[in-house]
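What follows is one structure encoded as structure tokens, with my remarks underneath.
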Amino acid sequence: AHLMIRINDANNEVVNGIIQKLEELTEGDPAVDAIGGYGYVRSELANKVLKGTYYSLGIALLVIFILLSAIFRSLKAGLLGIVPLSISVVVLFGLMGLVGIRLDVATALLSSVMIGVGVDYTIHFLWRYREERRQNRPATEAVITTITTTGRGIIFNALSVIVGFSVLMISSFTPIRFFGVLVVVSILSCLVGALVILPAIILRFRFKFLEPVSDDIKVHKIKGRRVMRRVAMGILLALLVSISASAQDARDIIKKSLDVVKVSSFEAASTLTITDSKGNTRVRQSAMASMSLSDGTEKRIIKFTSPAEVSGTGILIFDYPEKSDDMWIYLPALRKTRRIVSKEKSKSFMGSEFSNANMTAPGLDDFSYSLLGQDTYLDKNCYMVESIPVNPDLEDEYGYSKSVSWVDENSYLVHQIYYFDYDGKMFKSIINSDFRELDKAKGKYMVTGMKVINHQNKRSSEMVMEKVALTPTNESYFSVAYLEKE
């Protein structure tokens, strides 16, 4: 037979008392098989939740004690840190008991949430207070400074969490609504613990680990720091000398690589082949002339002759040694000449993977240089030189964050260049495959074959110089008027 007991008061204490009384009455009675029912199951669940909450709280506070003691190198720091947390826990569970909110699986989680938030606030406050005290500020002033600086951040953090969880309080589902209320109370308790209780304890009891360092210890530390500073300065000086020498060598290498391809004047024809990612090609032919002036300025004009869609298009370049270059483009369809401004120099040259900046010699002072080492390129010993634009404006003008050049150790010809984007990834490379010696006496060359590969969009372009002649050039070629002449 089943014996059923109805209970009007479902309080856990009442249920536990009844169960205990039943167990005493039925102890040793063979007719009683088991005690069960909804009240019994709920009571057992509540007991396990309560036991688990005590256990988890104890473990959490112990771990926090160990961590704070290790961070501040003082056992008192561990004790000081758990005091406001313990008070906050008491406030939370006291409020739950006062308003009759049951301790269940959901509400039991709040203690862990509160401890996680509270220890964060505590560490921030203690750390900033200690830094203020080590600046020899009085304790009261250090507390005020900490509250008005770090304390503001703690308050804003608490408010953001409170606002986020406060929406739960408007839920029609009672357990969710209670959970929202308790989270808000928990965060407020942690806030009061960190900014009210903790400062009060600090001002009432002076803790050595938060006090200014004594003069004897300071002298010892200062002496040690001076020794370390001298050693560091010596190492730094040696590194700077080494880096400076390396940078100077790298700069000289690049300067020689620019000089070796600089000739007084020449005329040539060129073929530009543009290949898309699917292997389709377009061919554009042009004639060009170049002239170098005594002040180092190089003037160059390029006029396209075919196909018909670009025929008559002209580009005029003034490559200055010590200032930004000037570039103009003539568009025959519009019968208009337009100046190419600095921000457009990183854009495509006539639809190819070459940029407008690739058509001019880079300014020597536009980059900082470093020698990365030596490497072999097609059985030729080369210097590997890294070039980095000296400011963001030049990065935008050239269109890359850095480049690495393979410069022949003997001839100083550049065989290959890697270009890197703003994320530091190599996105483009130029291979100079052919050179022609134009002036053997002066050791002057011209790049007659160059190919650029865009490793991101899988496109490539190749420029081949033909009918190259080292000959005096008419200076009238290098004017906007001649550029517009058809």
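The values are calculated or read from the model by the stated rules, or taken from the named source; none is laboratory data. Quick caveat: nothing in here was measured; it's all calculated off a predicted structure. Please note: Cβ atoms are built from the backbone with ideal geometry, for glycine as well, and neighbour counts cover all protein chains shown.
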Going through segment 171-212 in order, the residues found to be in contact with a Lys or Arg (Cβ under 8 Å, 6 or more places away or on another chain) and either of a type outside the set (A, V, I, L, M, F, W, C) or not in a helix (DSSP H, G or I) (or both) are Ser171, Phe207, Lys208, Glu211, Pro212
Does Val310 satisfy the criteria of being closer than 15 Å to Thr360 by Cβ and outside any strand (DSSP E or B)? no
Would you be able to say whether some residue in segment 154-169 is assigned to a helix (DSSP H, G or I), touching a Phe, Trp or Tyr at 6+ places or on another chain (Cβ under 9 Å), closer than 20 Å to Phe209 by Cα and in the same structural domain as Val183 (by TED's automatic domain parsing)? no
Matching residues in segment 317-349 (surrounded by 14 or more Cβ atoms within 10 Å (Cβ to Cβ), in a loop (DSSP other than H, G, I, E, B) and touching a strand residue (DSSP E or B) at 6+ places or on another chain (Cβ under 9 Å)) number 7
Would you be able to say whether some residue in segment 429-442 is in contact (Cβ under 8 Å) with a residue 12 or more places away in the chain, surrounded by 17 or more Cβ atoms within 10 Å (Cβ to Cβ), farther than 28 Å from Met327 by Cα and touching a Leu at 6+ places or on another chain (Cβ under 6 Å)? no
Tell me, which residue of segment 131-145 that is in contact (Cβ under 8 Å) with a residue 24 or more places away in the chain and surrounded by 14 or more Cβ atoms within 10 Å (Cβ to Cβ) is farthest from the chain's Cα centre (by Cα)? Ala139
Exclusive hit being among the small types (Gly, Ala, Ser), modelled with pLDDT of 80 or more and in a helix (DSSP H, G or I), set Ser111, Ser69, Ser43, Ser56: Ser69
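Residues are listed down the side, and each one gets a yes or a no for (1) at pLDDT below 90; (2) of a type in the set (Phe, Trp, Tyr):
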residue: Tyr330; (1), (2): no, yes
residue: Val341; (1), (2): yes, no
residue: Asp365; (1), (2): yes, no
residue: Leu378; (1), (2): yes, no
residue: Glu386; (1), (2): no, no
residue: Asn391; (1), (2): yes, no
residue: Glu395; (1), (2): yes, no
residue: Ser403; (1), (2): no, no
Only one of Leu371, Leu364, Leu413, Leu378 is of a type in the set (A, V, I, L, M), surrounded by fewer than 19 Cβ atoms within 10 Å (Cβ to Cβ) and farther than 18 Å from Phe435 by Cα; which? Leu364
Complete set of residues in segment 400-414 that are within 26 Å of Thr471 (Cα to Cα) and either of a type outside the set (S, T, N, Q) or part of a strand (DSSP E or B) (or both): Tyr412, Leu413, Val414
Six or more apart or on different chains, Cβ under 8 Å: which pairs go from a residue in segment 295-317 that's at positive phi to one that's buried (at least 19 other Cβ atoms within 10 Å of the Cβ) and not acidic (Asp, Glu)? Could you list them? Gly312/Lys303; Gly312/Phe304; Gly312/Tyr330
Condition (residue is part of a helix (DSSP H, G or I) and either among the acidic types (Asp, Glu) or surrounded by fewer than 13 Cβ atoms within 10 Å (Cβ to Cβ) (or both)) applied to segment 122-130: is it met by at least one residue? no
Flagged in segment 333-370 as in contact with a helix residue (DSSP H, G or I) (Cβ under 6 Å, 6 or more places away or on another chain) and aromatic (Phe, Trp, Tyr), in numbering order, are Phe349, Tyr369
Just to verify a result, which residue in segment 457-486, among those that are under 50 Å from the mean Cα position of the chain (by Cα) and of a type in the set (Val, Ile, Thr), is farthest from Leu331 (Cα to Cα)? Val468
Quickly run through segment 397-421 and pick out the residues that are in contact with a helix residue (DSSP H, G or I) (Cβ under 8 Å, 6 or more places away or on another chain) and under 16 Å from Met359 (Cα atoms). Glu397, Tyr398, Gly399, Val414
How do the strands (runs of 3 or more DSSP E) wholly within segment 415-486 filter down when requiring 1 or more residues that are touching a Ser or Thr at 6+ places or on another chain (Cβ under 6 Å) and among the hydroxyl-bearing types (Ser, Thr, Tyr): which remain? 460-469
What are the residues in segment 350-386 that are of a type in the set (D, E, K, R) and part of a strand (DSSP E or B), if any? Asp375, Lys380, Glu386
Please work out which one of (1) exposed (fewer than 14 other Cβ atoms within 10 Å of the Cβ); (2) more than 30 Å from Arg102 (Cβ to Cβ); (3) at pLDDT below 80 is the condition Thr174 fails and give its number. (2)
